[in-house]
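Right, one structure below, let's go through it.
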Amino acid sequence: MTKQTRRKFTASFKAKVAPEAVKNQETLAELPKRFDISPVMISQWKAAFLENMSAAFEKGKSKEEPDVNTQELYAQIGQQKVEIEFLKKSFKRLGG
(Lines give C-alpha, C1' and ligand atoms only; values in the text may rest on other atoms or scores of the structure.)
Protein backbone atom coordinates (compact mmCIF):
# COMPACT_ATOMS: atom_id res chain seq x y z
CA MET A 1 0.00 0.00 0.00
CA THR A 2 1.59 3.28 -1.08
CA LYS A 3 1.03 6.54 0.68
CA GLN A 4 -0.75 9.06 -1.49
CA THR A 5 0.54 12.62 -1.12
CA ARG A 6 -1.75 15.59 -1.15
CA ARG A 7 -1.74 17.70 -4.24
CA LYS A 8 -1.11 21.39 -3.81
CA PHE A 9 -2.79 23.86 -6.10
CA THR A 10 -1.52 27.31 -6.94
CA ALA A 11 -3.58 30.41 -6.36
CA SER A 12 -3.70 31.02 -10.12
CA PHE A 13 -5.19 27.56 -10.70
CA LYS A 14 -7.79 28.16 -8.00
CA ALA A 15 -8.54 31.55 -9.54
CA LYS A 16 -9.18 29.80 -12.83
CA VAL A 17 -11.47 27.10 -11.40
CA ALA A 18 -13.56 29.19 -8.98
CA PRO A 19 -15.04 31.58 -11.57
CA GLU A 20 -15.93 28.60 -13.75
CA ALA A 21 -17.90 27.19 -10.83
CA VAL A 22 -19.61 30.54 -10.26
CA LYS A 23 -20.67 30.79 -13.91
CA ASN A 24 -22.78 27.62 -13.57
CA GLN A 25 -22.29 26.84 -17.27
CA GLU A 26 -21.14 23.35 -16.30
CA THR A 27 -22.50 21.13 -13.56
CA LEU A 28 -20.58 20.33 -10.41
CA ALA A 29 -20.12 16.83 -11.84
CA GLU A 30 -18.56 18.10 -15.07
CA LEU A 31 -16.05 20.52 -13.54
CA PRO A 32 -14.10 17.88 -11.55
CA LYS A 33 -13.65 15.82 -14.71
CA ARG A 34 -12.43 18.86 -16.63
CA PHE A 35 -9.96 20.04 -13.97
CA ASP A 36 -9.18 16.63 -12.41
CA ILE A 37 -10.03 17.67 -8.86
CA SER A 38 -12.61 16.80 -6.23
CA PRO A 39 -16.07 18.40 -6.37
CA VAL A 40 -15.67 19.22 -2.68
CA MET A 41 -12.56 21.29 -3.46
CA ILE A 42 -14.40 23.15 -6.20
CA SER A 43 -17.25 23.94 -3.80
CA GLN A 44 -14.82 25.21 -1.16
CA TRP A 45 -12.95 27.39 -3.66
CA LYS A 46 -16.23 28.74 -5.02
CA ALA A 47 -17.37 29.69 -1.51
CA ALA A 48 -14.03 31.36 -0.74
CA PHE A 49 -14.16 33.21 -4.05
CA LEU A 50 -17.65 34.53 -3.42
CA GLU A 51 -16.77 35.49 0.15
CA ASN A 52 -13.69 37.50 -0.85
CA MET A 53 -14.95 38.94 -4.11
CA SER A 54 -15.69 42.36 -2.61
CA ALA A 55 -12.01 42.83 -1.70
CA ALA A 56 -11.28 43.61 -5.36
CA PHE A 57 -13.35 46.78 -5.09
CA GLU A 58 -12.08 48.10 -1.76
CA LYS A 59 -9.85 51.13 -2.13
CA GLY A 60 -6.98 52.08 0.10
CA LYS A 61 -7.09 49.02 2.29
CA SER A 62 -4.30 46.53 2.20
CA LYS A 63 -4.97 42.88 2.91
CA GLU A 64 -2.64 42.83 5.85
CA GLU A 65 -2.23 45.92 7.92
CA PRO A 66 0.93 46.02 9.98
CA ASP A 67 0.33 45.38 13.65
CA VAL A 68 3.18 47.59 14.83
CA ASN A 69 2.72 50.97 16.40
CA THR A 70 4.90 53.48 14.53
CA GLN A 71 4.82 55.97 17.39
CA GLU A 72 6.19 53.32 19.69
CA LEU A 73 8.98 52.52 17.23
CA TYR A 74 9.91 56.20 16.85
CA ALA A 75 10.05 56.54 20.63
CA GLN A 76 12.34 53.53 20.84
CA ILE A 77 14.63 54.97 18.15
CA GLY A 78 14.80 58.28 20.01
CA GLN A 79 15.65 56.50 23.26
CA GLN A 80 18.43 54.57 21.54
CA LYS A 81 19.87 57.77 20.04
CA VAL A 82 20.00 59.35 23.50
CA GLU A 83 21.71 56.26 24.93
CA ILE A 84 24.28 56.19 22.10
CA GLU A 85 25.14 59.87 22.60
CA PHE A 86 25.48 59.31 26.34
CA LEU A 87 27.83 56.36 25.77
CA LYS A 88 29.92 58.34 23.26
CA LYS A 89 30.35 61.21 25.75
CA SER A 90 31.20 58.79 28.57
CA PHE A 91 33.77 57.05 26.41
CA LYS A 92 35.41 60.38 25.50
CA ARG A 93 35.61 61.37 29.19
CA LEU A 94 37.35 58.12 30.00
CA GLY A 95 40.07 58.96 27.48
CA GLY A 96 38.81 56.99 24.50
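How many residues does region 1-19 contain that are in contact with a helix residue (DSSP H, G or I) (Cβ under 6 Å, 6 or more places away or on another chain) and among the charged types (D, E, K, R)?
So in region 1-19, the residues in contact with a helix residue (DSSP H, G or I) (Cβ under 6 Å, 6 or more places away or on another chain) come out as 14, 17-18.
Within this subset, residues satisfying the condition of being among the charged types (D, E, K, R) are 14.
Adding up the residues that qualify gives 1.
On the basis of being out of contact with any Ser or Thr (no Cβ under 8 Å at 6 or more places or on another chain), of a type in the set (A, V, I, L, M, F, W, C) and either exposed (fewer than 10 other Cβ atoms within 10 Å of the Cβ) or modelled with pLDDT under 85 (or both), does VAL68 make the cut? Can you show your working first?
Numbers: out of contact with any Ser or Thr (no Cβ under 8 Å at 6 or more places or on another chain): yes; of a type in the set (A, V, I, L, M, F, W, C): yes; either exposed (fewer than 10 other Cβ atoms within 10 Å of the Cβ) or modelled with pLDDT under 85 (or both): yes.
In short, yes.
Mind counting the residues in region 1-37 that are of a type in the set (Asp, Glu) and closer than 19 Å to GLU51 by Cβ? I'd like the intermediate steps shown before the answer.
Kept after step one, since they are of a type in the set (Asp, Glu), are these residues of region 1-37: 20, 26, 30, 36.
So of that shortlist, the ones also closer than 19 Å to GLU51 by Cβ come out as 20.
Going through region 1-37 one residue at a time, the tally reaches 1.
Just the residues that are farther than 15 Å from PHE13 by Cα and polar (S, T, N, Q), please, taken from region 38-56.
Once the filter is applied, which keeps residues that are farther than 15 Å from PHE13 by Cα and polar (S, T, N, Q), region 38-56 yields ASN52, SER54.
I'd like the full set of residues that are small (Gly, Ala, Ser) and under 15 Å from GLN44 (Cα atoms), limited to region 1-18.
Start the filter on region 1-18 by keeping residues that are small (Gly, Ala, Ser), which leaves 11-12, 15, 18.
Those that are small (Gly, Ala, Ser) and under 15 Å from GLN44 (Cα atoms): ALA11, ALA15, ALA18.
The values are calculated or read from the model by the stated rules, or taken from the named source; none is laboratory data. Worth saying up front: this structure is predicted, and the values here are computed from it rather than measured. For neighbour counting, all protein chains shown are included, and Cβ atoms are generated from backbone atoms with ideal geometry for every residue, glycine included.
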